[in-house]
Ligand SMILES: [Zn+2]
């Protein structure tokens with residue numbers, strides 16, 4: 001039980017004029033305090049916008065929310081690109097992802113949010129920080145690392161095929177709700193690590209490696225369209241899915257593939273089976289994600305997209 005100790009001093013009783021003055025003074029001070037502490041985001045001068053975080057690291061994502069009706073035409077610009085948004089009819093919210101590529105230079109980047117139909121616009125600044133993702137050391141057969149002329153030509157051609165996917169225009173979103181892990185198993189190769197292959201520096205790890213036996217089922221992380229099925233030098237048997245809204249998922253080193261280019265795939269539908277094709281140290285699934293062209297951690301996409309489940 002709380003105990004109250006009576007003050008040994010009687011309360012000071014100010015005169016009438018003094019009381020009124022003190023009230024006015026405290027009201028003014030309170031208002032000044034509210035205006036100082038109130039975050040810029042909550043002032044009612046523009047669209048109602050919030051972010052899952054006010055900073056991110058390279059290779060990371062944040063979720064943006066804008067309050068608005070389905071009929072509102074909301075424009076968000078980040079890193080000089082228009083960000084696709086999806087509408088959640090229950091909450092009257094628009095959602096979108098702001099992504100920073102794994103190689104994004106640390107710094108402060110502006111976000112513009114506009115609702116032209118209501119003449120509203122607001123600007124924000126988000127900081128992208130550096131992160132030390134650590135290092136992985138791999139040993140591979142020499143022919144898979146120091147490429148002969150024919151392999152070099154092959155790799156170059158394959159890179160062109162893949163890069164043409166990123167150059168295409170954003171399609172309307174086909175993904176819905178949360179993304180799921182394609183193989184329900186442990187992460188054995190984290191995102192972002194620098195790679196030292198046969199004692200030489202190579203490109204960083206742009207996805208996550210998920211443990212799996214040869215033949216384990218690989219399921220689509222979300223609904224979307226298969227845009228490329230290939231058997232490439234580095235990535236082996238590969239499936240590229242375009243989920244619309246500028247979100248792509250990649251599934252590498254598959255043993256077999258069960259889908260074809262142009263197929264519309266529902267979330268959880270089987271794409272193929274885990275394998276060790278291409279340049280792999282053993283059977284596993286390499287899962288990569290691109291959001292608005294940026295290579296980001298797939299696990300962050302899972303985490304943030306949970307908010308979009310009904
Ligand atoms: Zn990998």
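The values are calculated or read from the model by the stated rules, or taken from the named source; none is laboratory data. Being a predicted model, the structure only gives us computed values, none of them experimental. Cβ coordinates were reconstructed from backbone atoms using ideal geometry, including for glycine residues, and neighbour counts include every protein chain displayed.
Structural remarks
- Considering the conditions (1) over 23 Å from the mean Cα position of the chain (by Cα); (2) part of a strand (DSSP E or B), residue 160 is excluded by exactly one of them, (2).
- Taking segment 223-310 as the region of interest, the strands (runs of 3 or more DSSP E) fully inside it that hold 2 or more residues being surrounded by fewer than 19 Cβ atoms within 10 Å (Cβ to Cβ) and within 23 Å of the chain's Cα centre (by Cα) are 224-232.
- Here 136, 127 are screened, and the one residue that is modelled with pLDDT under 90 and in a strand (DSSP E or B) is 136.
- Qualifying residue in segment 132-153 (condition: touching a strand residue (DSSP E or B) at 6+ places or on another chain (Cβ under 7 Å) and away from the ligand (no atom under 16 Å from the Cβ)): no
- The residues of segment 182-192 that are surrounded by fewer than 18 Cβ atoms within 10 Å (Cβ to Cβ), near the ligand (Cβ under 10 Å from one of its atoms) and not in a strand (DSSP E or B) amount to a single one, 190.
- Residue 234 out of contact with any strand residue (DSSP E or B) (no Cβ under 7 Å at 6 or more places or on another chain) and either over 23 Å from residue 81 (Cα atoms) or within 14 Å of the ligand (Cβ to nearest atom) (or both): yes
- Taking every residue in segment 202-220 that is outside the structural domain of residue 181 (by TED's automatic domain parsing) and pairing it with any residue that is outside any strand (DSSP E or B), at least 6 positions away or on another chain, yields no pair with a Cβ-Cβ distance below 8 Å.
- Flag: residue 307 matches the condition of being more than 14 Å from the ligand (Cβ to nearest atom) and more than 18 Å from residue 167 (Cβ to Cβ).
- Subset of segment 273-304 (residues that are away from the ligand (no atom under 12 Å from the Cβ) and either at positive phi or at pLDDT below 95 (or both)): 292, 293
- Filtering 213, 267 for residues that are out of contact with any strand residue (DSSP E or B) (no Cβ under 7 Å at 6 or more places or on another chain) and more than 12 Å from the ligand (Cβ to nearest atom) leaves a single hit, 267.
- Meets criteria (closer than 17 Å to residue 305 by Cβ, within 16 Å of the ligand (Cβ to nearest atom) and touching a residue at least 40 places away in the same chain (Cβ under 8 Å)) for residue 179: no
- Residue tally, condition surrounded by 19 or more Cβ atoms within 10 Å (Cβ to Cβ) and within 29 Å of residue 203 (Cβ to Cβ), over segment 85-107: 8
- If only residues of segment 193-202 that are more than 11 Å from the ligand (Cβ to nearest atom) and out of contact with any helix residue (DSSP H, G or I) (no Cβ under 9 Å at 6 or more places or on another chain) are counted, the one that is modelled with the highest pLDDT is 194.
- Checked against (1) surrounded by fewer than 18 Cβ atoms within 10 Å (Cβ to Cβ); (2) at pLDDT 95 or above; (3) part of a loop (DSSP other than H, G, I, E, B); (4) more than 16 Å from the ligand (Cβ to nearest atom), residue 169 passes all but condition (2).
- Residue 219 being at negative phi and within 15 Å of the ligand (Cβ to nearest atom): no
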